[in-house]
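A.B. asks: My structure is below; once you've seen it, I'll send some questions.
Derivation of every value follows stated rules applied to the coordinates shown; laboratory data play no part. Model, not experiment: these values are computed from the prediction. No Cβ is skipped: glycine too gets one built from the backbone with ideal geometry, and neighbour counts run over all protein chains shown.
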Amino acid sequence: MVTIVDAGTGNLRSLCNALTALGLESQVLGEPPRDTAACLILPGVGAFGHAVRALDERGWRSYLTRAAGAGSRIVGICLGLQLLFERSEESPGAEGLGFIRGTVRRLDASAAKVPHIGWSRLRPSGDERVPPWAYFVHSYAVRPEEAGVVTAWADHPEPFPAVVRRENLTGVQFHPEKSQQPGVAYLKALLGGEG
Amino acid sequence: MKRVIPCLDVKETGVVKGVRFEGLRPAGDPVELAARYDAEGADELVFLDVSATVEGRRPLLPILERVAERVFLPVTAGGGVGSVAAMREMLMAGADKVAVNSAAVERPELLSEAAERFGCQCVVLAVDVRRRPGGGWEVVTRAGTRPTGVDAMEWAARAEELGAGELLVTSMDADGTREGFDCSLYRALTRATRLPVIASGGAGSPGHFRDALEAGADAVLAASLFHEGGLSIPDLKQALAQWGQEVRL
């Protein structure tokens, strides 16, 4: 069972559909369940500050902090990846979950158009088995303090982390559920075949 | 990376296509078409409800739901979107981005409200324009029925400030003619705004797409040319790649 964190920012249907197509059971929860879920997806479309407020109001911050400490598998997608970090230029003053050290910065508009919308090639930095292409829609990108957590980069005039891993936490800046069949298959691998 | 985007104009439950926004004729089942374009390597899909604003209905939601079950591609949906609540409905039905058109011209704050709520990358401003006899382009709303007197370049720049994340700009003069995109329109837009621009209206051959991309468009959109088999997406992308355009193959 995959638990999808609903912070009210919409577009969970595509994700649910992708999980269904993979044969994975999932539940979308607006508030944390009583038990610690073994496998969680933190999705997100929208603004960092808005999502942080929603996570706090719905009691997700303390739940996710406990789950991360207890070894639950947590996968952040797009804004969900950014929420794993400490703070974002998008919403100064808003406190991220802080599971991974570093900040979220706006893409450099002098390097390429912002928002970055479209497909980019992925360049794994180690043995990360990423799809060759992935679909991105974002204006901000994570800048981890430890370079070692980045396991794949996006091929872009201003390269940015596409996949970040730290222990049981993974975050992807792209949308695997929108990256056709290779993206959906990669999502399954991230979830560890959890079902 | 440049994008190739088939557009599905939906009226009631089918896909339709006209010429210069008129004489709409059936063009196929939206879900089947979406699946075909997914298999052919389309980079995104756009669904526009071409009846909604004029007739006050919303037949697109069930179609989006069915498409999202089968196709794992980014989807932009629009047509008759007048509020943040209506945008959320589209997103919940499976859209990734929502295009607003007439309502934003009538109430520009809708763009900032939407950007605040969903992030600007979710907000596509669709603009239908017509050439002015004296030069420049005028914004036309309500599915091409209502001239506004608004200058298209000024509107694009204002929309960027308000929070639009992308522009989908259709030349009504070129729409459905297959005589080529209005390239001077896209050249002017790249000077007026830094937002990504999707060029729409007039595609008839691979060279037309190349011309629009060279004029500064970030993505190229076509409808009837793809629906009716006049040009396949793989053939188009191969041609664009040979001309040195960066496309996903």
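A.B. asks: Sum up the lysine pairs in the protein assembly as shown that clear both bars: alpha-carbon distance under 16 Å and a spacing of 8 or more or different chains.
C.D. replies: Final tally of qualifying lysine pairs is 4.
A.B. asks: In region A:1-87, what trypsin sites (Lys or Arg not before Pro) fall in a loop by DSSP, with at most 15 other Cβ atoms inside 10 Å?
C.D. replies: The qualifying sites are A:ARG34.
A.B. asks: Put a dot 7 Å past each Cα toward the Cβ at B:THR177 and B:GLU116; how far apart are the dots in nm?
C.D. replies: About 4.1 nm, to one decimal.
A.B. asks: Here is a follow-up. Determine Rg/Rh for region B:3-242; Rg is computed over alpha-carbon atoms and Rh is the Kirkwood hydrodynamic estimate from the same atoms.
C.D. replies: 0.93
A.B. asks: To continue, here is another question. Nearest 500 deg cm²/dmol is fine: what mean residue ellipticity at 222 nm does chain A get from its DSSP H runs of n ≥ 4 alone, each adding -39,500 (n - 2.57), divided by its residue count?
C.D. replies: -6500 deg cm²/dmol
A.B. asks: Measuring from label point to label point, each 7 Å out along Cα→Cβ, what is the B:ARG132 to A:GLU89 span in nm?
C.D. replies: 3.6 nm
A.B. asks: Also, quick follow-up: Cα atoms only: what Rg and Dmax, in Å, come out for region A:2-190?
C.D. replies: Rg and Dmax of region A:2-190, Cα atoms, are 15.1, 47 Å.
A.B. asks: For chain A, what relative contact order do you get, as a whole percent, if you take Cα pairs closer than 8 Å and at least 6 residues apart?
C.D. replies: Normalised by residue count, the contact order of chain A is 20 percent.
A.B. asks: Relative contact order, percent, of region B:3-242 when contacts are C-alpha pairs under 8 Å separated by at least 6 residues?
C.D. replies: 18 percent
A.B. asks: Counting partner chain Cβ atoms within 10 Å of every residue's Cβ in A:134-142, what's the average?
C.D. replies: 3
A.B. asks: Explain nothing, just compute: Karplus ³J(HN,Hα) = 6.51 cos²θ - 1.76 cosθ + 1.60, θ = phi - 60°, for every residue of region A:88-105 in order, whole Hz, x for Gly and Pro.
C.D. replies: After applying 6.51 cos²θ - 1.76 cosθ + 1.60, I find 9, 4, 5, 9, x, x, 7, 9, x, 5, x, 6, 10, 6, x, 10, 10, 10 Hz.
A.B. asks: Now for a different question. Within region A:108-153, which trypsin sites (Lys or Arg not before Pro) sit in a loop by DSSP and count at most 16 neighbouring Cβ atoms inside 10 Å?
C.D. replies: The qualifying sites are A:ARG129.
A.B. asks: Can you report the principal axis dimensions of region B:138-249 using only the alpha carbons, biggest first, rounded to whole angstrom?
C.D. replies: Projected onto the principal axes, the Cα atoms of region B:138-249 cover 38, 28, 21 Å.
A.B. asks: Next up: If you wrap a convex hull around the Cα atoms of region A:74-130, how much volume per residue is inside, in Å³?
C.D. replies: 123 Å³
A.B. asks: On average, how many beta carbons from a partner chain sit within 10 Å of the beta carbon of a residue in B:195-201?
C.D. replies: 2
A.B. asks: Considering every residue in B:66-73, what mean count of other chain Cβ atoms within 10 Å of its Cβ is obtained?
C.D. replies: So the per-residue partner count for this stretch is 6.
A.B. asks: Tell me the mean residue ellipticity at 222 nm calculated for chain B from its helices only (DSSP H runs of n ≥ 4, each -39500 (n - 2.57), averaged over every residue, nearest 500).
C.D. replies: Only helices count here, giving -10500 deg cm²/dmol.
A.B. asks: How much net charge surrounds A:HIS50 when only the other residues with a Cβ under 9 Å from the Cβ of A:HIS50 are counted, with Lys and Arg +1 and Asp and Glu -1?
C.D. replies: +1
A.B. asks: Which residue, B:VAL71, B:VAL139, B:VAL220, has the most motion in a Gaussian network model of chain B that connects Cα atoms within less than 10 Å?
C.D. replies: Maximum fluctuation in the GNM of chain B, among the listed residues, is at B:VAL71.
A.B. asks: Out of every Cα pair in the protein assembly as shown, what percent are spaced more than 40 Å from each other?
C.D. replies: The answer is 15 percent, as a whole percent.
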